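> Before anything else, here's the structure in question.
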Amino acid sequence: MSEAVPLLAMRGIVKSFPGVKALRGVDLTLGTSEVVALLGENGAGKSTLMKVLGGAHQADEGLIAIDGRATPFHSPQDSRHAGVAVIYQEFNLVPGLTATENIFLGQEVTRAGFVAQAQERERATALFQRLGVEIDLDLPCRRLTTAQQQLVEIAKALAFDARIIVMDEPSAALTSHEVERLFVIIRELKRQGIGIIYVSHRLDEIFAITDRVVVLRDGINVGERPTNQITRNEMIEMMVGRELKDEFPSRASAVGPPRLEVSHLTRGRAVQDVSFTVHRGEILALTGLVGAGRTETVRLIFGADRRESGEIRLDGKLLAINSPRDAIQAGLGLLTEDRKLQGLVLGHSVRENFGLPNLERLSHRGFVQLTQERKEFAGYVEQLTIKVSDQEQRAGNLSGGNQQKVVLAKWLARNSEVLIFDEPTRGIDVGAKFEIYLLMNALVAAGKSIVMISSELPEVLGMADRILVMHEGRVTGEITDARHATQEQVMSLAHA
Amino acid sequence: MKLTRLLTDYGMLIVLGLLCAFFSVTTYSDQTPKGAAAAKQVADSIVQQLGPQARVLIVASEQPDDEAFVAGMTNGLNAAGARIVATVKGGPKEARDALVKMTTDGGKVDAIACTQVTGTWLVFADLKTDFPALGNPRVILPPSYRWPNFLKSENLMNIANQIAVIAIVAIGMTMVIITGGIDLSVGSLLALSAVLATRFIRDYAGGLEASLGGMLPACIAAIIACGLVGAFSGAMITRFTIPPFIVTLAMMLVGSGLAYTLAKGEAIYQIPDSFVWLGRGADIFSLPNAVVLMIVLYALAHVLMSRTKLGRYLYAVGGNSESARLSGVPVKRVLMFAYIASGLLAGLGGVIMASQLKSGSATYGNMYELFVIAAVVVGGTSLSGGEGKMLGTLTGAFTIAVIQNGMNLTNVESYTQKVVLGLVILGAVLLDKIRQTR
């Protein structure tokens, strides 16, 4: 961090929303060639602060200075003008356009009113060279991998000479190999004098790539330290505001007889002849690289997609699952990977979301028993400590952790025998993660079975009884004693 | 906070209220009582001024309203014990003849009961000089008063009756739009249903001599046929995932073409008089039957949408169909229900229209799909699905009807009306957008 004039200085930023004061005077400084980690639980104000910087929200009070000069940030255009690029978790790419078209969207290179395609292409190639990667410039972006799309976003930022790049959970959808490549690129950007704000829940990455850590809690700064002078536990304590003993709660394993038996499940190339068994009281982790076919496999089990062949048995009984409805009635529950698109109806109230899979039980002669529904949901709000203003709050207004808890409440109320958790803690802060782990333990202790898909190896090793590794649609390995397995063991199977 | 919420939640209702107030003020004018109401006022004032023994001459023209006036006068005077000397039905000449005849017969008259029109006839201008022998009778006519044309009960009934068909069809449309779809075929189904119902009656139920037992199955068959078209649209949408816009656009053409083919290009009017009961009759509290039916259907639809499992599913499918499916909602069945309901209600609308117009024609319902969609949208239902209220749609339908009616009363040209209506639809959606960004 340069001692003189910082590249970016945010001072006393205040931002209120109806009923909530999201930011209560936050400071943030970023120097040239510096990577700052912005940490905090969900709801701490990280996203709001970054949206203020991106011009998506306007601060009620406070000052933003670039190179020591106060600069207006009233709109995304202002922000871009000031040299700030925000790469949100959900990318801002038009899926049908190519990388080049996306990079120059809104800043097209034109000659006499026509887009100078050759020139754009040349510049795009140069940008990717600068990043040291190669991208097929003719493919529409939807056909690029997540990692490649991220590179397009970075190139887009460089195309307008951004000097400050904000990365919001950049590793969330990347495999560990891809994360390594991202770090190489971040170091390169740093060398070129760009300041980077790195927002992530993954503490390992914070240690690997950042220079300084800034921690927010409840909309204020609670700490700031060079990364090499802070420990993992100190970081967590700062975020949650209390001491946290373990990341994963301990549990006595009590695996019973077979519960769910899946045999020879197949669908195209995505899932090929997958067979496995989950036992009573067991957490089975399904891991592997993104695109290994884990989500596709559980979607077949749940009837969300049609399987070409394969059988599913519960307690030895063959199930005829042709739709999610069949699976739910048989006693399965699925917490989807993508809460916003698949888990919740964002525009509807949390109560209505909770009721959705339970209406068969909660209604009498077709009429919803509202009192019953409210009472039950109130019970889960208390049990799971879901932070909602009231039962009519829109699901879309909750933080990730609370959204996940609402989804959990849906399936708990359904009393499903086998629960499938697809990336249950993605984008969720440390405190809420721990609560979800506790709940998973309580469920298996009560004799339920859990299939957990996770890309985070510490989570897989810390929570599972048994690990199944997939690669390119096939099960490539099994680790029966998850407690004594190592990350290296899992990785070697995943790259088989 | 409370106030803004009230304004946004009931914004359209407030707009409707303001429109009614506006048209009430602009149509405030002199009113002349007619028919039975006028008779009662005149009879009362005769009895009051001249006592129950008064000898009365009733003068009325041959208008239908005046028939009621004569009947009302006769009843009212008889009840009070007054004596009706004579009753004139016709023009000024008949009135003069009657007066001349009474003079020659030596009769006396205390009062001449007139309507607003007959009272101004010149023959009564100077009775003292023209017919001194009659004994100076007084001409009594109903008093005029000031009241908005818009707020007259006939006009209000008229609005309700005019919008009933659109409002009923809009129930199904609201369901479809809440699921995130659209149904462009309702206008054509309206025509198809009207043609089918009248053809069934003409060809199979005995035509002009048809009985209730023949007409009812004919109407039900027509409505079911429209339900089947809705089911077909729903099947195309759910089974082959063709966008609803395309499917129902196709069915709009198919339905209209079928209606023209079945009607052979002409209106079908060989149906009994009793067929107009549904469209023109008024049995309960003198509310038109179509309006009563509309109110009942809205009450049922409101309960369905807000209280039942099916209603919850309709919203969920529109809000996020993938989340709904993964939560065990039978998405395809829910969509089928919406399109079948829309078809059935369009069919019902067609039957009501045939009853109102006492004939069936393939030209009915032209452009109605747009009015129906407008009613739904003005009522605050989002075209992107998942949001909207039944009672909002009813408000929307009435808003459109009131604007049209008000403009008719204030003599706004029909072309200008279209411009205004277009802007109102835009304004309503704008209001909704402002509400959402809040």
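> Taking only region A:179-191 into account, find how many residues are open to solvent by 30 Å² or more (accessible area, probe 1.4 Å) and in contact (Cβ under 8 Å) with a residue 60 or more places away in the chain.
Here the count works out to 2.
> Considering only residues that are acidic (Asp, Glu) and part of a helix (DSSP H, G or I), look in region A:119-145 and name the one that is surrounded by the fewest Cβ atoms within 10 Å (Cβ to Cβ). First the steps, then the outcome.
Pass one, region A:119-145, residues acidic (Asp, Glu): A:120, A:122, A:134, A:136, A:138.
When the remaining residues are screened for being part of a helix (DSSP H, G or I), the result is A:120, A:122.
Numbers: A:Glu120: 21, A:Glu122: 13.
Once the filter is applied, the top-ranked residue is A:Glu122.
> When only residues in region A:438-476 that are touching a helix residue (DSSP H, G or I) at 6+ places or on another chain (Cβ under 6 Å) and of a type in the set (Ser, Thr, Tyr) count, which is most open to solvent (accessible area, probe 1.4 Å)?
Result: A:Thr476.
> For region A:285-325, which positions are touching a helix residue (DSSP H, G or I) at 6+ places or on another chain (Cβ under 8 Å), open to solvent by less than 60 Å² (accessible area, probe 1.4 Å) and β-branched (Val, Ile, Thr)?
Scanning region A:285-325 gives A:Thr287, A:Ile301, A:Ile312, A:Ile321.
> Looking at B:Leu151 and the list (1) in contact with a Cys (Cβ under 9 Å, 6 or more places away or on another chain); (2) outside any loop (DSSP other than H, G, I, E, B), which single condition is not satisfied?
The single condition B:Leu151 does not satisfy is (2).
> Please work out which residue is farthest from A:Gln489 (Cα to Cα), limiting yourself to region A:267-279 and to residues that are assigned to a strand (DSSP E or B) and open to solvent by 30 Å² or more (accessible area, probe 1.4 Å).
So the first thing to find is which residues in region A:267-279 are assigned to a strand (DSSP E or B), and the list is A:267, A:271-279.
Next cut, open to solvent by 30 Å² or more (accessible area, probe 1.4 Å) only: A:267, A:272-273, A:275, A:277, A:279.
Working: A:Arg267: 28, A:Gln272: 23, A:Asp273: 23, A:Ser275: 21, A:Thr277: 21, A:His279: 23 Å.
Step by step, filter region A:267-279, then rank; the result is A:Arg267.
> If you don't mind, there's one more thing I want to ask. Might you check whether a residue that is more than 30 Å from B:Leu335 (Cα to Cα) and either in contact (Cβ under 8 Å) with a residue 12 or more places away in the chain or open to solvent by 50 Å² or more (accessible area, probe 1.4 Å) (or both) occurs anywhere in region B:225-246?
No, region B:225-246 contains no residue that is more than 30 Å from B:Leu335 (Cα to Cα) and either in contact (Cβ under 8 Å) with a residue 12 or more places away in the chain or open to solvent by 50 Å² or more (accessible area, probe 1.4 Å) (or both).
> For B:Val351, indicate whether it is within 14 Å of chain A (Cβ to nearest Cβ), in contact (Cβ under 8 Å) with a residue 24 or more places away in the chain and of a type outside the set (Lys, Arg).
Details: within 14 Å of chain A (Cβ to nearest Cβ): no; in contact (Cβ under 8 Å) with a residue 24 or more places away in the chain: yes; of a type outside the set (Lys, Arg): yes.
The answer is no for B:Val351.
Each row is one residue, and each column tells you yes or no for (1) touching a residue at least 60 places away in the same chain (Cβ under 8 Å); (2) among the hydrophobic types (A, V, I, L, M, F, W, C); (3) within 30 Å of B:Ala341 (Cα to Cα).
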{"residue": "B:Thr118", "(1), (2), (3)": "no, no, no"}
{"residue": "B:Pro132", "(1), (2), (3)": "no, no, no"}
{"residue": "B:Asn136", "(1), (2), (3)": "no, no, no"}
{"residue": "B:Pro142", "(1), (2), (3)": "yes, no, no"}
{"residue": "B:Trp147", "(1), (2), (3)": "yes, yes, no"}
{"residue": "B:Lys152", "(1), (2), (3)": "yes, no, no"}
{"residue": "B:Ala164", "(1), (2), (3)": "yes, yes, yes"}
{"residue": "B:Ile168", "(1), (2), (3)": "yes, yes, yes"}
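> So which strands (runs of 3 or more DSSP E) stay within region A:364-474 end to end and still have 2 or more residues that are under 28 Å from A:Glu90 (Cα atoms) and within 14 Å of another protein chain (Cβ to nearest Cβ)?
Values: elements: A:418-422, A:449-453, A:466-471.
The qualifying strands (runs of 3 or more DSSP E) are A:418-422.
> Report the residue count in region A:223-239 for those that are touching a strand residue (DSSP E or B) at 6+ places or on another chain (Cβ under 8 Å) and either open to solvent by less than 20 Å² (accessible area, probe 1.4 Å) or in contact (Cβ under 8 Å) with a residue 24 or more places away in the chain (or both).
Within region A:223-239, residues that are touching a strand residue (DSSP E or B) at 6+ places or on another chain (Cβ under 8 Å) and either open to solvent by less than 20 Å² (accessible area, probe 1.4 Å) or in contact (Cβ under 8 Å) with a residue 24 or more places away in the chain (or both) number 6.
Yes/no matrix, rows are residues, columns are (1) crowded, with 16+ Cβ neighbours inside 10 Å; (2) in contact (Cβ under 8 Å) with a residue 12 or more places away in the chain; (3) outside any helix (DSSP H, G or I); (4) on the phi > 0 side of the Ramachandran plot:
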position: B:Gly392; (1), (2), (3), (4): yes, yes, no, no
position: B:Gly396; (1), (2), (3), (4): yes, yes, no, no
position: B:Gln404; (1), (2), (3), (4): yes, yes, no, no
position: B:Met407; (1), (2), (3), (4): yes, yes, no, no
position: B:Val412; (1), (2), (3), (4): no, no, yes, no
position: B:Gln417; (1), (2), (3), (4): no, yes, no, no
position: B:Val420; (1), (2), (3), (4): no, yes, no, no
position: B:Leu426; (1), (2), (3), (4): no, no, no, no
position: B:Lys433; (1), (2), (3), (4): no, no, no, no
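> Filter region A:172-209 for residues that are of a type in the set (Gly, Ala, Ser) and closer than 16 Å to A:Ser47 by Cα and give the result.
A:Ala172, A:Ser200
> Looking at B:Thr87, B:Thr120, can you tell me which residue is surrounded by fewer than 16 Cβ atoms within 10 Å (Cβ to Cβ), among the β-branched types (Val, Ile, Thr) and at pLDDT below 80?
Values: B:Thr87 fails: at pLDDT below 80.
Step by step, each of B:Thr87, B:Thr120 is checked, and only B:Thr120 is surrounded by fewer than 16 Cβ atoms within 10 Å (Cβ to Cβ), among the β-branched types (Val, Ile, Thr) and at pLDDT below 80.
> Another question, then. Condition first: open to solvent by 40 Å² or more (accessible area, probe 1.4 Å) and facing another protein chain (nearest Cβ under 9 Å). Can you find one or more residues in region B:278-301 that meet it?
no
> Being in a helix (DSSP H, G or I), open to solvent by less than 60 Å² (accessible area, probe 1.4 Å) and touching an Asp or Glu at 6+ places or on another chain (Cβ under 8 Å) is the requirement here; does B:Gly76 meet it?
Here the answer is yes, as B:Gly76 does meet what is asked.
> Tally the residues that are surrounded by fewer than 22 Cβ atoms within 10 Å (Cβ to Cβ) and part of a helix (DSSP H, G or I), restricting the search to region B:341-372.
Residues in region B:341-372 being surrounded by fewer than 22 Cβ atoms within 10 Å (Cβ to Cβ) and part of a helix (DSSP H, G or I): 3 in total.
> Still on this structure: State all residues of region A:326-361 that are surrounded by fewer than 20 Cβ atoms within 10 Å (Cβ to Cβ), within 8 Å of chain B (Cβ to nearest Cβ) and more than 21 Å from B:Ser382 (Cα to Cα); if no residue qualifies, say none.
A:Gln329, A:Glu360
Conditions tested, residue by residue: (1) open to solvent by less than 50 Å² (accessible area, probe 1.4 Å); (2) assigned to a strand (DSSP E or B).
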site: A:Pro6; (1), (2): yes, no
site: A:Met10; (1), (2): yes, yes
site: A:Val26; (1), (2): yes, yes
site: A:Val36; (1), (2): yes, yes
site: A:Leu63; (1), (2): no, yes
site: A:Pro72; (1), (2): no, no
site: A:Thr100; (1), (2): yes, no
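> Now a separate question. Please specify each residue of region B:201-220 satisfying the condition of being open to solvent by 40 Å² or more (accessible area, probe 1.4 Å) and not acidic (Asp, Glu).
Correct list: B:Arg202, B:Tyr204, B:Gly206, B:Leu208, B:Ser211, B:Leu212, B:Gly213, B:Leu216, B:Pro217, B:Ile220.
> Starting from residues that are under 33 Å from the mean Cα position of the chain (by Cα) and of a type in the set (Ser, Thr, Tyr), keep the ones in region B:305-326 and report whichever is farthest from A:Leu300 (Cα to Cα).
Only one residue tops the list, namely B:Ser306.
The rows are residues; the columns are (1) in contact with a strand residue (DSSP E or B) (Cβ under 6 Å, 6 or more places away or on another chain); (2) closer than 20 Å to B:Arg325 by Cβ; (3) within 14 Å of chain B (Cβ to nearest Cβ).
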{"position": "A:Leu284", "(1), (2), (3)": "yes, no, no"}
{"position": "A:Thr287", "(1), (2), (3)": "yes, no, no"}
{"position": "A:Glu296", "(1), (2), (3)": "yes, yes, no"}
{"position": "A:Arg307", "(1), (2), (3)": "yes, yes, no"}
{"position": "A:Arg313", "(1), (2), (3)": "yes, no, no"}
{"position": "A:Lys317", "(1), (2), (3)": "no, no, no"}
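> Something else: Could we say that B:Tyr313 is within 14 Å of chain A (Cβ to nearest Cβ) and open to solvent by less than 30 Å² (accessible area, probe 1.4 Å) here? Outline the logic, then answer.
Values: within 14 Å of chain A (Cβ to nearest Cβ): yes; open to solvent by less than 30 Å² (accessible area, probe 1.4 Å): yes.
For B:Tyr313, the condition - within 14 Å of chain A (Cβ to nearest Cβ) and open to solvent by less than 30 Å² (accessible area, probe 1.4 Å) - is met.
> With the structure loaded, tell me whether B:Val378 is surrounded by fewer than 23 Cβ atoms within 10 Å (Cβ to Cβ), modelled with pLDDT under 95, under 23 Å from the mean Cα position of the chain (by Cα) and more than 14 Å from every other protein chain (Cβ to nearest Cβ) or whether it fails that test.
Numbers: surrounded by fewer than 23 Cβ atoms within 10 Å (Cβ to Cβ): no; modelled with pLDDT under 95: yes; under 23 Å from the mean Cα position of the chain (by Cα): yes; more than 14 Å from every other protein chain (Cβ to nearest Cβ): yes.
Taking the combined requirement at face value, the residue does not satisfy it.
> Which residues, taken from region A:395-422, are open to solvent by 10 Å² or more (accessible area, probe 1.4 Å) and either more than 14 Å from A:Gly355 (Cα to Cα) or among the hydroxyl-bearing types (Ser, Thr, Tyr) (or both)?
A:Gly396, A:Asn397, A:Leu398, A:Ser399, A:Gly400, A:Asn402, A:Glu417, listed by residue number.
The values are calculated or read from the model by the stated rules, or taken from the named source; none is laboratory data. Just so it is clear, the model here is predicted, and its values are computed rather than measured. A quick note on method: Cβ atoms are made from the backbone with ideal geometry, for glycine too, and the neighbour counts reach across all protein chains shown. Areas reflect the complete protein model, heavy atoms only, side chains present, ligands, DNA and RNA absent. Shrake-Rupley method; radii C 1.70, N 1.55, O 1.52, S 1.80 Å.
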